[in-house]
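Novice: Quick one: structure below, then a few questions.
The values are calculated or read from the model by the stated rules, or taken from the named source; none is laboratory data. This structure is a prediction, so every number in the text was calculated from the model and none was measured. All Cβ positions, glycine included, derive from the backbone under ideal geometry; neighbour counts span all protein chains shown. Calculation scope for accessible area: heavy atoms of the full protein, side chains included, ligands and nucleic acids excluded. Shrake-Rupley method; radii C 1.70, N 1.55, O 1.52, S 1.80 Å.
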Amino acid sequence: MQHQLKIDSRNLRLIMSGRKTFEIINNDKDFKEGDIIEFVEINPPGRTHSIRIGYVITLEHEPNLVVLSLLKEEK
């Protein structure tokens, strides 16, 4: 499944460079291992970057939040 998420420029740059390898997010989209996230830059708008989810971890004390591992850019 493919998801589209808005992201600020700083975090998009970190993900694109490979320095940011995870995202903590509300699991309102039922994220699964192997899903694709297309990050869409919001400020300034323009760039996009697609990446595959490696694993999903539910936080014990915050069941609506998950940690998503970000694997690599989709070609």
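Novice: For region 51-71, give me each residue that is polar (S, T, N, Q) and either in a loop (DSSP other than H, G, I, E, B) or touching a residue at least 40 places away in the same chain (Cβ under 8 Å) (or both).
Specialist: Selection gives SER69 alone.
Novice: Quickly run through region 59-73 and pick out the residues that are out of contact with any helix residue (DSSP H, G or I) (no Cβ under 8 Å at 6 or more places or on another chain) and open to solvent by less than 60 Å² (accessible area, probe 1.4 Å).
Specialist: Of everything in region 59-73, those that are out of contact with any helix residue (DSSP H, G or I) (no Cβ under 8 Å at 6 or more places or on another chain) and open to solvent by less than 60 Å² (accessible area, probe 1.4 Å) turn out to be LEU59, LEU65, VAL66, VAL67, LEU68, SER69.
Novice: From the set of residues in region 15-58 that are hydrophobic (A, V, I, L, M, F, W, C) and open to solvent by 40 Å² or more (accessible area, probe 1.4 Å), which is farthest from LYS72 (Cα to Cα)?
Specialist: ILE42
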